[in-house]
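Heads up, the thing below is written out as structure tokens.
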Amino acid sequence: MKRYFLRFIIVFISIILLSNVSIGESINIPNYSFELPETTIVNIDISSWEKSQKPLWYDESGGYYWNQLTGVFMNVDQNDPAHIDNCDGEQAAWLFAVPEVALYQELDDTFKAGYSYELGFGVLGGGGNMKDTVPIEIRLYYRDANDAKITIGSEEYTYDINDGYIKHFNDVWVTLPVVQKTDPWANKNIGIEIISTLTLADMDPETGRAGGYWDIDNVRLNQYLDAPVIPVDVPNYSFELPEASLGMNVNISSWEKSQKPLWYDESGGYYWNQLTGVFMNVDQNDPAHIDNCDGSQAAWFFALPEVSLYQDLEDIFEVGHCYDLGIGVIGGGSDMRDGSGIEIRLYYRDVNDTKITIDSKEYTYDVNDGYIKHLNDVWVTLPAVQETDPWANKCIGIEIITTLTMADLDPNTGRSGGYWDIDNVRLNQYLPSPVISVDVPNYSFELPEASLGISVNISSWQKSQKPLWYDESGGYYWDQLTGVFMNVNQNDPAYIDNCAGLQAAWFFALPEVSLYQDLEDVFEVGHCYDLGFGAIGGGSDMRDGSGIEIRLYYRDVNDTKITIDSEEYVYDVNDGYVKHFNDVWVTLSAVQETDPWANKCIGIQIISTLTLADLDPETGRSGGYWDIDNVRLITNMPDDNKDTLNVSVVP
């Protein structure tokens, strides 16, 4: 089931407004934005921060003193080209790109067990003709018994010379997962450090310098109380009642059985009520022993249409919360047919008291798996409940039902054969995992400013190279197939009513037309990613069925773009040319350590999916263009262990 990240964002706002849950809080960092000591120009002192000691190898004989490699400075007037446009306060700090140069603090606050931490700062590279790939690192540390600084987590930021020296701070964050009581840093004072990670090998052999300096500002530390999963009570969840004193019992406490359907014939002595019941697990030395049965009993469940167990719980679907419903299931009993299915459902009751399924998950028996006495977990996940959902604040309904149909019955016996073993029904309630927006430079195509209404340039984005087949002799240049334009006045019929900002981009429907970016962020192990954009089709009599695709990619060792996942949006001529962006999203599941894209830079691409076969044979054109806007990249970190899931609540 696809995750609904935009819904998460809405829910996140409602949580802040409505919830009494303790959420993330900022931890005070003295002189976090380097406003002290106050200076009119520069000052090599930095209140509250410690400077790293001068290393033995550093030579001050040339007049470049170690103490001068860091300090605070006043941001210049906004009309000055050197003005930093997002400086926090009036001052920031400099830090020279020399090995071991560092600023650090030990706070009064401690690493609390049960909390996670995020440390971030703003950084600007390129000053003083900084070399390409010069790194700086932010660290969380603690002091051990010998008073040595022990780094727990860190994040490095590397300067890219192609970025130039733009006077705008980039945020860099390091995240520390939930502190455990057994962690050596638990309850130790929090240490924060910003350090140049150049090595002596990076130094110029003649000058002994590496060159360049960083501007840094706005150091932030957030503490999050993790919200654990709340198990919702499911009466007789493991089918322990009533006790099957004789080995089995057709009664099942707390659960309702589906009514006998009209088509079911009991004349042969197989009563509907006997199709489900509880049984005692046999001794572990018996071949029929279920090795992971919860408790002493489980339930049997015959594979016949409409056989069902269900409960209406006292708990309700709470707004802002997600739900996971799971069961353990074994297929294959009594020569079960291949492909037989069983389904787990979350439902609510409507005004007519009818069960309305919200979401479900089917498990299908594979005859090749045999009849192994081990329960397999099956889970259905319901995303965060919104106030507008018809099930909001309604009682939670859970159901287990066979998905066989009448067509699956044997025409001679009226039976399909086989039964399931089921056990350990679990329902968890939790807050949605944090959603983090990943920076996409010029995500809404505001740059360069289209002062004349349009511009064929698009800042931060790369255009695909002109293919050999494309003929520019008619005056239609490849570079003109994409560009930015200014949205018109809202009274103009061509006005786009949900444009993000003042501008958007045009994008011609021709094969291989593409815009792409290689971001600084990487595909982090354990994180999921959602990439979306707004698209309008139909410009200039676009053909029916024209397609545009959004992709997530990485670069392989040959620097080739390798698509990981994609989503295509196809224009339907019946929709017309409505000036309203439609959201298109591609979802990437949690990154594994073994994935070839793990820890590789994130690549995003928008590309026309037309082929040469779609071109008009006479004109060599296909006609039409797209309007595109508002490219968004979101990440979160799910936990698929339903028994131990912890979900952070973001501030």
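Coordinate-derived values only; no laboratory data. In this text, all values refer to a predicted model and were calculated from it rather than measured experimentally. With ideal geometry, Cβ positions are generated from the backbone for all residues, glycine too; neighbour counts draw on all protein chains shown.
Descriptive notes on the structure:
- Where labels lie 7 Å past Cα in the beta-carbon direction, separation of GLU156 and GLU60 in nm: 2.9 nm
- Whole-Hz couplings from phi, Karplus 6.51/-1.76/1.60, listed for region 76-90; x for Gly and Pro: 7, 4, 5, 8, 7, x, 8, 5, 8, 6, 10, 5, 7, x, 9
- In summary, the lysines within cross-link reach of LYS149, defined as a Cα separation below 16 angstrom excluding same-chain residues under 8 places away, comprise LYS51, LYS188.
- Listed by chain and number, the lysines whose alpha-carbon sits under 18 Å from that of LYS181, ignoring those within fewer than 8 places in the same chain, are LYS112.
- When only alpha carbons are used to place a centre, region 517-575 and region 314-350 end up 34 Å from one another.
- Summary of packing: across the peptides 323-332, 338-347, the per-residue average of other C-beta atoms within 10 Å ranks them, highest first, as 323-332, 338-347.
- The local environment of ARG555, defined by Cβ-Cβ distances under 12 Å, has a net charge of -1 under the rule Lys, Arg +1 and Asp, Glu -1.
- Take every Cα pair under 8 Å whose residues are at least 6 apart in sequence, average their separation, divide by the length of the chain, and the relative contact order is 12 percent.
- Total formal charge among the other residues, if their Cβ is under 9 angstrom from that of GLU137, Lys/Arg +1 and Asp/Glu -1: -2
- Cross-link pairs LYS463/LYS561; LYS561/LYS600; LYS361/LYS394 - those with Cα-Cα distance over 18 Å: LYS361/LYS394
- Principal-axis tilt of helix 5-18 within the chain, Cα atoms, nearest 10 degrees: 90 degrees
- Sequence-distant lysines (8 or more away, or on other chains) whose Cα lies within less than 16 Å of LYS257: LYS355
- Using the rule -39500 (n - 2.57) for each DSSP H run of four or more residues, divided by the residues of the chain, the 222 nm mean residue ellipticity is -500 deg cm²/dmol.
- Between THR405 and ASP497, the C-beta separation translates, for a Förster distance of 60 Å, into a calculated FRET efficiency of about 0.85.
- nm² value of the averaged projected area, convex hull over the Cα atoms of region 437-636: 12.0 nm²
- ASN251 versus ASP565: modelled label distance in nm, points set 7 Å from Cα along the beta carbon direction: 4.9 nm
- P(r) weight above 16 Å for region 234-307, C-alpha pairs, percent: 54 percent
- Summed residue charge, Cβ within 11 Å of SER459's Cβ, Lys/Arg positive, Asp/Glu negative: -2
- For region 22-226, the equivalent ellipsoid derived from the Cα gyration tensor has semi-axes of 29, 21, 16 Å, listed largest first.
- Three semi-axes describe the equivalent ellipsoid of the chain; taken as square roots of 5 times the Cα gyration tensor eigenvalues and ordered largest first, they are 55, 37, 22 Å.
- ILE41/ILE166 FRET efficiency (R0 22 Å; Cβ-Cβ; nearest 0.05): 0.50
- Descending Cα extents along the principal axes, region 238-391, whole Å: 52, 37, 32
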